[in-house]
Amino acid sequence: MTSALYQRIDGSVYRHIYIVGDLHGCLSLLEEQLAKVAFDPHRDLLLSVGDLADRGPDSVGCLRLMNEPWFSCVRGNHEQMAIDAVNEENIPRWLRNGGDWFYALETGRQEEAKSLILRADNLPHVLELTTREGKRIVVAHADYISDDYVFGKPLDGYEIIWNRERVNSALAGRYTSISGADEFYFGHTPVEPAMQFANQFYIDTGAVFGGYLTLRRLQ
């Protein structure tokens with residue numbers, strides 16, 4: 001993973017666009033939040049900061065969201081651990097981080113889960129959304145590891161899904177804006193409540209750890 005994969009989304013074709021924090025198998029919590037906002041799958045779009053599976057009650061159900069035309073997601077470190085493990089690489093790391101659900105599945109469901117995980121290998125590291133009003137919003141799992149955003153800039157994909165240096169500095173009171181876009185949304189590091197530092201928003205509010213699921217409207 002020497003460079004990040006980028007994807008662009010034109011927000012003008014949607015009514016509302018929402019973004020959700022790390023799901024980690026908490027599908028029922030997502031369904032509750034979408035019902036509250038009267039989410040319309042025919043006109044609205046849901047963006048995810050990644051980490052669909054592991055630790056929670058319905059990893060397969062959350063991975064199935066990738067099949068939905070109203071859903072777009074960036075790659076999280078848990079997607080990457082799962083991809084590596086089903087390719088017989090570093091299985092113990094995934095098991096230590098909540099991947100045991102996969103090995104407990106019956107054969108048919110495990111085959112479905114494996115195909116979904118392999119599909120996750122097509123997920124971008126970075127999503128760039130342009131809203132109807134012309135706002136540029138960037139989504140990545142852990143961090144956009146540059147202080148200047150440029151679509152297609154080569155970056156280390158591993159760092160985008162794992163790095164906590166920026167959020168740790170921000171929590172310690174040291175933060176500046178990232179240039180090149182209006183807003184940046186990240187998950188990965190549980191915070192409570194959701195936090196904003198300059199133009200960076202951290203929206204993993206620890207749903208799977210007894211916290212709650214954060215859903216924000218972007219358009």
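Placing one equal scatterer on every Cα of region 100-219 and applying the Debye formula, the log10 ratio I(q)/I(0) at q = 0.16 Å⁻¹ is -0.87.
On a C-alpha basis, how far is the centre of region 117-189 from the centre of region 68-96 in Å? Whole number, if you could? Computed from Cα coordinates, the inter-centre distance equals 18 Å.
Think of each Lys and Arg Cβ as +1 and each Asp and Glu Cβ as -1; about the Cα centre, that makes the dipole of the chain roughly 480 debye. Between the listed residues Ser28, Ser48, Gly134, the Cα displaced farthest toward the positive end of the dipole of region 6-149, a dipole computed from Cβ unit charges relative to the Cα centre, is found at Gly134. Against the main long axis of the alpha-carbon atoms of the chain, helix 77-86 sits at an angle near 30°. Above 18 Å lies some portion of the pair distances; for region 1-72, what is it as a whole percent of all C-alpha pairs? Here the long-distance tail beyond 18 Å is 41 percent of all Cα pairs in region 1-72. Computed from the mean reciprocal separation of all distinct C-alpha pairs, what Kirkwood hydrodynamic radius does the chain have, in Å? Answer for the chain: a Kirkwood hydrodynamic radius of 17.4 Å.
The long axis of helix 107-119 is offset from the longest Cα principal axis of the chain by roughly 30 degrees. Summed over the residues of the chain and divided among them, the accessible surface reaches 44 Å² per residue at a probe radius of 1.4 Å.
Ordered by 1.4 Å accessible area with all protein chains kept, Trp162, Trp94, Trp70 run largest first as Trp162, Trp70, Trp94. May I ask you to work out the translational diffusion coefficient for region 52-145 at 25 °C, viscosity 0.890 mPa s, via Stokes-Einstein with Rh from the Kirkwood sum over Cα pairs, reported in whole µm²/s? Translational diffusion coefficient: 172 µm²/s.
With θ taken as phi - 60° and the Karplus curve 6.51 cos²θ - 1.76 cosθ + 1.60 applied, the whole-hertz 3J(HN,Hα) list for region 135-144 is 6, 9, 10, 10, 10, 8, 6, 9, 6, 9 Hz, x standing for glycine and proline. Counting only Cβ charges, +1 for Lys and Arg and -1 for Asp and Glu, the dipole size of region 85-136 around its Cα centre is about 320 debye. Among Tyr175, Tyr14, Tyr144, the order of accessible area from largest down is Tyr175, Tyr14, Tyr144, computed with a 1.4 Å probe on protein heavy atoms. For the chain, a Gaussian network of Cα nodes joined below 10 Å ranks Pro190, Pro92, Pro124 by mean-square fluctuation, and the top entry is Pro92.
A straight chain from Gln110 to Tyr158 at 0.36 nm per residue would run longer than the Cα-Cα distance by 14.7 nm.
Across region 76-219, C-alpha contacts under 8 Å between residues 6 or more apart give a mean separation that, scaled by the residue count, equals a relative contact order of 17 percent. Could you pull out the longest piece of the chain with no exposed loop GluC sites (Glu not before Pro) in it, calling a site exposed if DSSP puts it outside H, G, I, E, B and it has at most 14 other Cβ atoms within 10 Å? With a cap of 14 other Cβ atoms within 10 Å, the longest stretch comes to 1-87.
Each Lys and Arg Cβ is given +1 and each Asp and Glu Cβ -1; about its Cα centre, region 42-164 then shows a dipole of about 300 debye.
Projecting the Cα atoms of Ala181, Pro154, Phe71 onto the charge dipole of the chain (Cβ charges, centred on the Cα centre) puts Ala181 farthest toward the positive pole.
The values are calculated or read from the model by the stated rules, or taken from the named source; none is laboratory data. What you are looking at is a predicted structure, and each value in this text was computed from that prediction instead of being measured. FYI the Cβ positions are ideal-geometry reconstructions off the backbone, even for glycines, and counts take in every protein chain you see. What goes into the accessible areas is simple: the full protein's heavy atoms, side chains included, and nothing from ligands, DNA or RNA. Shrake-Rupley method; radii C 1.70, N 1.55, O 1.52, S 1.80 Å.
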